[in-house]
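Quick one: the structure is below, and I'll ask about it shortly.
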Amino acid sequence: MSDSLFKNIGSLSRLMMRRDRLRIPLWFIGISFFTLMVPIAFVDLYPSQQERDGMAETMQNPAMIAMVGPGNLDNYTLGAMTAHQMLLITAVVVGLMSILLVTRHTRADEEDGRAEMIRSLPVGRLSNLNATLLVLCVTNVLLTLVTGFGLYSLGVESMDLEGSLLYGAGLGATGIFFTGVTALFAQLSESSRGTTGFSIAVLMIAYLVRAVGDVTNETLSWFSPLGWVTQTEVYSNNDWGPIFLTIGVSVVLFFMANYLNAIRDLETGFFPSRPGRRGASPFLQDPAGLIVKLQRTGIIVWGMGMLIMGLSYGSVLGDLESFFAGNEMMEQMLVAEEGYTLTEQFIPTLMIVMGLLVTVPPLMSMLKLHGEEKKNRVEHLLARAVSRTKLMGSYLIISILNGFMMISLTAIGLWAAGLAVMEEAFDFGTIYGAALVYYPAMLVMVGIAVLLIGILPKLVSIIWLYVFYAFIVLYLGELFQFPEWAGQLSPYGYIPQLPVEDMNVMAVTLLVVVAVILMVVGLIGYSKRDIEG
Amino acid sequence: MSLLNVNHLTKRFGKFTALEGVNIEINEGEIYGFIGPNGAGKSTTIRVLLGILKASEGEVKIFGKDAWSDAVDVHKRIAYVPGDVNLWPNLTGGEVIDLFLKLRGRSHTSRKEELIKKFDFDPTKKCRTYSKGNRQKVALIAAFAMEADLYILDEPTSGLDPLMEQVFQECVIDVKNKGKSVLLSSHILSEVEKLCDRVGIIRQGKMIETGTLNELRHLTRTNIHVETNEPITSLNEFKGIHDIQEQGLALSFQVDAEELDHVIRHVSQFGIVKLESMPPTLEDLFMRHYENKDEGNAGGVS
């Protein structure tokens, strides 16, 4: 019996590690490096307790709490600071790693028919699932140990062994939790896209529930696995309870995934699949119609996500005002200096993060063209009466509209929530302007993607490194006090921070011009090169 | 009149030369069989014809237009079936067929419905659920529902059952009867033999043989099976005799076409009881080009 279910788990695990001998180490090195770099930087940046308390002051507002979670701000040691600012965001990245790795080895293998080949060999019915779980658990446990002992080995006074291991365990437990979530969705959904989509949705909802909960009502945060991570109070109270809770729930998820896998047929799912259309709708008759049809779900999900993000950030705007109302000194100081209300001064900070996040969906939309090429599907279109320029142009237009929609939804969310919670709400124009001013930077990013697809298709993924770079210098730039040129290596560095700064028409126009040039060159390149696949 | 003209086509990928000096000519109303082993360059050639790959050297004209720079114009009159059909997993087969038809600007609903019925295809299912044969049907239905002047079919029957292969062959003959041209790349030599007017064989990126089947047969050997009253002697002294197999008084061998006369004269001296001769099949022809290589190698060693 157990043979028919679990035979050859070991060989399958080795196969997975062989297939991922670069992928897993890269995630591993990236996450560990990121985790260890930050406290080292903090030691240099905030050597005295006085400076750290100053940092704690600026962190003590609802917007920051919504972003990074609650922290021990009264005793803001280097350890507490690292845990407060980095643990949650790193845990999200670890969750993402688990989601992508699990999908790759479960539903994606099944969808592509590789699982069938494996199953024809003397291999148990549940072996593949459990080999995946095994590999992921080992990876996450190793991650726990490496980051844990790594942090301790930095020799920072406030970072003791127990706290460091708890920090690592927070990351590892989150990874294991999302391993379970993804393993479950891999049974429920019939496609790898669905598996990744649902799992990332859970990750995003967990983050947002925690954000709203941390600001308004802490009980709500206990419904989010990402809330559990921040409840460990690493480097202050060191509470291991949430870790056990996370592992416990993960084990339940593992069992559920195993049960569902055992009772289903290969290549089926539990979410119902409806019989489809007999023919194409009048809408589906050119490349643009096809692209919209293929990306529809993604666009809707991202659109909702952006709206919710805007709403959740907007919902803290009211608290922000009341928080500063109680702190007369700070209110006077900042207002006197800048001539803007405190809430207004937080708008640009929020917008940078949102401006970067809204770049992701249009980029994904544009890069689909390259994905389709690799899957040998653009040749269906190009072998018919569709020119390269028309094909790429359709992708580009949809990507640009997508970006505009995302940025608008974010702004609408932020404005609407602000309207509800603030006594003197912003007018729509202020918020929309502050958001839309990031559109040219987004166009430059899309332009780079077009250029890469058109001229250097092998290097297309570089665009994500660039996005990551922009995120690091803008999100963490002020924290690490990067020089200004570091920010200006990304298009976002040229965007005026409305409403606090003045509009810089020149810079924005130049960005648009650069974007158009990139796009045109990319389009020309695409119509001149061989199609691969 | 030639519809398609490939002149000294060379295609390089970096240092690797995939095609070298390929020549193909297809005339109006002609079915051209394009055969060769895996990796010989059939699909690469076809992708150059479609303007998906750019020729490194040489000229590719379809309907008198350049296959690369006038690709879109050319494609308005072409129907194409790829060998490996990858479809969008979350679209139904029916949607894909309609889309493909509309991308050429015309839709032929009645013809489409007829083909769906003929190929016994369920268009309401999502593409991810289709087997290889069913995905192939999507491409075939979309191709044959079009009024094209040239049909480019790259191993179109891989994955089809014999019944569907029959339907496919009917479709090709139908198209031919309307005076259209077909480029059929295939591994199923019996299919090529049955359908094609002319055949081109490609190996390692070079065209090694082109002509009508009769012309090609002329170059090859006839299979002879003979039983005689007395044992045949000194047969192996004749040139052009291959693969002699002896079973008592029965003898099987192959003989080059030009030597057939001498050999039969010689054999008839021994009192023929039974004589069977089979024309060479395309398979023999195809195999012989492989053997050539082996023999060449063996010769080099000895």
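Read-outs: derived from the displayed coordinates by stated rules, not from any lab. Predicted model, so just to flag it, every value in this text is computed and none were measured. Note that we place each Cβ from the backbone using ideal geometry, even for glycine, and neighbour counts take in every protein chain shown.
Which of B:F238, A:F271, B:F144, B:F121 comes first, and how do the rest follow, when ranked by fewest Cβ neighbours within 10 Å? Don't skip to the answer; put the middle values down first.
On the way: B:F238 15, A:F271 12, B:F144 28, B:F121 20.
Listing B:F238, A:F271, B:F144, B:F121 from fewest to most nearby Cβ atoms yields A:F271, B:F238, B:F121, B:F144.
Beyond 37 Å, what percent of the Cα pairs of chain A remain? Before the final figure, lay out the partial values.
Details: 49801 of 141778 pairs.
Of all Cα-Cα pairs in chain A, 35 percent lie more than 37 Å apart.
With 10 angstrom as the radius, rank A:W464, A:W485, A:W27, A:W228 by how many other C-beta atoms surround their C-beta, starting from the fewest. Kindly include the intermediate steps, with their values, before the conclusion.
Working: A:W464 14, A:W485 9, A:W27 21, A:W228 26.
By the 10 Å Cβ count, ascending, the order reads A:W485, A:W464, A:W27, A:W228.
Follow-up. Across peptide B:125-134, what mean number of C-beta atoms from other chains lies inside 10 Å of a residue's C-beta?
Values: counts 3, 7, 1, 5, 5, 0, 0, 1, 0, 0.
Mean inter-chain Cβ contacts per residue within 10 Å come to 2.
Then there is this: Across the residues of A:277-289, average count of Cβ atoms on other protein chains within 10 Å?
Working: counts 9, 11, 16, 12, 2, 2, 0, 6, 7, 4, 2, 0, 2.
Counting other chains' Cβ atoms within 10 Å and averaging over A:277-289 gives 6.
How much space per residue, in cubic angstrom, does the convex hull of the C-alpha atoms of the range B:2-216 take up? Intermediate values should be presented prior to the final figure.
Numbers: hull volume 25.2 nm³, N = 215.
So the per-residue Cα hull volume is 117 Å³.
Let me ask you something else. Just add up the charged neighbours of B:D98: K/R +1, D/E -1, any other residue whose Cβ is under 10 Å from the Cβ of B:D98. Spell out each step's value before the answer.
Numbers: positive: A:R277, A:R278, B:K102, B:K112; negative: B:E95.
Taking every Cβ under 10 Å from that of B:D98, the sum is +3.
What net charge do the residues around B:T45 carry, taking every other residue with its C-beta under 12 Å from that of B:T45, with Lys and Arg at +1 and Asp and Glu at -1?
Working: positive: B:K11, B:K42, B:R47, B:K206; negative: B:E20, B:D154.
Counting the neighbours of B:T45, the net charge comes to +2.
At 1.567 mPa s and 4 °C, plugging the Kirkwood radius over alpha-carbon pairs of the range A:378-533 into Stokes-Einstein gives what diffusion coefficient in µm²/s? Display every interim value, and only then the final one.
Working: Rh = 17.5 Å.
The calculation lands on 74 µm²/s.
Provide a whole-number value for the mean count of partner chain Cβ atoms within 10 Å of the Cβ atoms in peptide A:384-395. Don't jump to the answer; show the numbers that get you there.
Values: counts 16, 12, 5, 5, 4, 1, 1, 0, 0, 0, 0, 0.
Per residue, the average neighbour count from other chains is 4.
Enter the per residue convex hull volume of the range A:1-269, computed from alpha-carbon coordinates, in Å³ rounded to the nearest integer. Don't skip to the end; give the middle numbers.
Numbers: hull volume 31.6 nm³, N = 269.
Cα convex hull per residue, to the nearest whole number: 117 Å³.
Once Lys and Arg get +1 and Asp and Glu get -1 on their Cβ, which of A:P70, A:A56, A:I118 lies farthest toward the positive end of the dipole of the range A:1-269?
A:I118
Moving to a separate point now. Place +1 on the Cβ of every Lys and Arg and -1 on the Cβ of every Asp and Glu in the range A:1-146, take the dipole about the Cα centre, and give the residue among A:Y46, A:V146, A:L22 whose Cα lies farthest towards its positive end.
A:L22
Sticking with this structure for a sec: Between the range A:239-287 and the range A:17-80, what is the separation of their alpha carbon centroids in Å?
About 33 Å separates the Cα centre of the range A:239-287 from the one of the range A:17-80.
Write down Rg/Rh for the range A:42-131, rounded to two decimals, with Rg from the C-alpha atoms and Rh from the Kirkwood relation over Cα pairs. Please list the in-between numbers first.
Details: Rg = 22.2 Å, Rh = 16.5 Å.
In the range A:42-131, Rg relative to Rh is 1.35.
Using r as the Cβ-Cβ distance of A:L465 and A:E423, and R0 as 45 Å, what FRET efficiency do you calculate, to the nearest 0.05?
0.55
Here is a further query. In whole angstrom, how long is each semi-axis of the equivalent ellipsoid of the range A:133-178, when you take the square root of 5 times every eigenvalue of its Cα gyration tensor and sort them from largest down?
Values: eigenvalues 97, 17, 5 Å².
Result for the range A:133-178: semi-axes of 22, 9, 5 Å.
While we're on this one: Under a point spin-label approximation (7 Å from Cα along Cα-to-Cβ), what is the B:N86-A:R19 distance to one decimal in nm?
Each label point is offset 7 Å from its Cα along the Cβ direction, giving 1.7 nm.
Turning to a different aspect of this structure: Do the sum for the protein assembly as shown: with -39,500 (n - 2.57) for every DSSP H run of n ≥ 4, divided by all residues, what is the mean residue ellipticity at 222 nm, to the nearest 500 deg cm²/dmol? Kindly include the intermediate steps, with their values, before the conclusion.
Numbers: 37 runs with 504 residues, N = 835.
Computed ellipticity for the protein assembly as shown at 222 nm equals -19500 deg cm²/dmol.
In vacuo Debye scattering of the range B:1-97, one point per C-alpha: log10 I(q)/I(0) at q = 0.13, 0.24, 0.25 Å⁻¹?
Here the Debye-derived log intensity ratios amount to -0.51, -1.34, -1.40.
Give me P(r) over the range A:357-436, computed from all C-alpha to C-alpha distances, binned every 10 Å, as integer percentages.
17, 33, 21, 15, 10, 3
So, one more: Treating the range B:221-279 as a set of equal point scatterers at the Cα positions, no solvent, please give the Debye-formula log₁₀ I(q)/I(0) at q = 0.16, 0.26 Å⁻¹.
Log-scaled intensity ratios, in q order: -0.40, -1.17.
When only alpha-carbon atoms count, how far does the range B:107-219 stretch along each of its three principal axes, as whole angstroms with the largest first?
Projected onto the principal axes, the Cα atoms of the range B:107-219 cover 50, 29, 24 Å.
A further question follows. Can you compute the modelled spin-label distance between A:I40 and B:E25, with each label point 7 Å from Cα toward Cβ, in nm?
7.1
Would you mind working out the magnitude of the charge dipole of the protein assembly as shown relative to its Cα centre, with +1 at each Lys and Arg C-beta and -1 at each Asp and Glu C-beta, to the nearest 20 Debye? Numbers along the way, then the final one.
Numbers: 67 positive and 86 negative charges, 467 e Å.
Result for the protein assembly as shown is approximately 2240 debye, rounded to the nearest 20.
For A:G227, what is the net charge nearby, where nearby means another residue's Cβ is under 15 Å from its Cβ and Lys, Arg count +1, Asp, Glu -1? Write out the running numbers ahead of the final one.
Numbers: positive: A:R210; negative: A:D214, A:E218, A:E233, A:D239.
That works out to -3.
If you average the sequence gap of Cα pairs under 8 Å that are 6 or more apart and divide by the length of the range A:1-269, what percent do you get for the contact order?
Numbers: 403 pairs, mean separation 67.8, N = 269.
Relative contact order for the range A:1-269 comes out at 25 percent.
Using DSSP H assignments, which helices in chain A have an axial alpha-carbon span of 18 Å or above and a mean Kyte-Doolittle hydropathy of 0.5 or higher? Show your work: numbers first, answer last.
Details: long enough: A:23-45 (33 Å, 1.68); A:78-105 (39 Å, 1.49); A:127-153 (38 Å, 1.38); A:161-188 (40 Å, 1.20); A:192-216 (36 Å, 0.99); A:241-263 (34 Å, 1.70); A:287-314 (37 Å, 1.05); A:342-357 (24 Å, 1.54); A:360-374 (21 Å, -0.20); A:388-421 (50 Å, 1.34); A:439-455 (24 Å, 2.42); A:462-475 (19 Å, 2.29); A:505-526 (31 Å, 2.84).
The answer, listed by residue number, is A:23-45, A:78-105, A:127-153, A:161-188, A:192-216, A:241-263, A:287-314, A:342-357, A:388-421, A:439-455, A:462-475, A:505-526.
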